[in-house]
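*Asks:* Okay, here's the structure, questions in a sec.
The values are calculated or read from the model by the stated rules, or taken from the named source; none is laboratory data. Quick caveat: nothing in here was measured; it's all calculated off a predicted structure. Quick reminder, even Gly has a Cβ in these numbers, built from the backbone with ideal geometry, and neighbours come from all protein chains shown.
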Amino acid sequence: MGAPMARRLLAAGFSVTAWNRTRAKAEALAADGAHIAATPAEAVAGAHAVITMLESGPVVTSVLFEGGAAAAKPGALFIDMSSIPPSLARDHAERLRAMGFRPIDAPVSGGTVGAEAGTLAIMAGGERADFEEAVPILAPMGRAVLVGPSGSGQLAKLANQIIVAINIGAVAEALILAEKGGADPAAVREAIRGGFAESRILEVHGERMLKRDFAPRGRVNVHIKDLEAILATAAEIGIRLPLTEEVHRRFLDLRDRMGGGDLDHSALFLQLEATASVLSAADLPKAGRFGP
């Protein structure tokens, strides 16, 4: 995700200095005009805006507060576009403000396709004045919306990931039902496109399921991380999310039993397909659950 986002900024005329924990990934941007830094501190030195796009909350914490952030220009915008727990985003924001910086949590949705096209959905949390200043920076990457104070962007991303995960499961089960029932699942998908069931998941992930193309774009392991952040946040709030709990359980089965952690998250289709059952009429009254 980070590389195409950086290329969008470079194409828009921004001066970009890139650093990555795997240096070769940063060096790949040199041909597009990026300056390559050897350390996080070197990357942020003198920058008006710092953007982080990292794997997890602990990695963001390490990069920001183990020598990285302190080297930035006083008053710099710190825009974290990683997906991390809302509570951690709020903690980061407090620490960055205490250092004289202006934090915005701005996770994204849209995958690598959206990153390459500059059509990401960007969900931002922070102060409005800081957000307004960040909008021209975010614009080459997608459409940014301020959804509340610090941590709210991450909360919006969790809401997004609930919809994505459950919708992947719904599309998978619909295609499985069509095929097992004797219809052409590709034709069924085409027939319902544009109706009330239309969605990006039906469009993009439905096609991947039909082609059985589960090369990783959004990995199962990453979506499990998001689902666990969702359930932890729900527990902090004091609510349960039963559908999210169920889809989380099935993603875990896909990873742990079926070895699918590095597949695309549309591969949930494989778990549902493997655990689908054909029931007789006599079985239906006592059937409470499908699969393990």
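*Asks:* Considering only the stretch 123-171, how many residues are closer than 30 Å to residue 272 by Cα, crowded, with 21+ Cβ neighbours inside 10 Å and not β-branched (Val, Ile, Thr)?
*Replies:* The qualifying residues number 7.
*Asks:* Among the residues of the stretch 103-130, how many are modelled with pLDDT of 95 or more, part of a strand (DSSP E or B), out of contact with any Phe, Trp or Tyr (no Cβ under 7 Å at 6 or more places or on another chain) and not hydrophobic (A, V, I, L, M, F, W, C)?
*Replies:* 3
*Asks:* Find the helices (runs of 4 or more DSSP H) located wholly in the stretch 1-64 whose residues include 2 or more that are polar (S, T, N, Q), and list them.
*Replies:* 57-63
*Asks:* Based on this model, can you work out whether residue 144 counts as of a type outside the set (Ser, Thr, Tyr) and either within 20 Å of residue 103 (Cα to Cα) or part of a loop (DSSP other than H, G, I, E, B) (or both)?
*Replies:* yes
*Asks:* Across the stretch 245-268, which residue is surrounded by the most Cβ atoms within 10 Å (Cβ to Cβ) among those that are assigned to a helix (DSSP H, G or I) and aliphatic (A, V, I, L, M)?
*Replies:* Result: 267.
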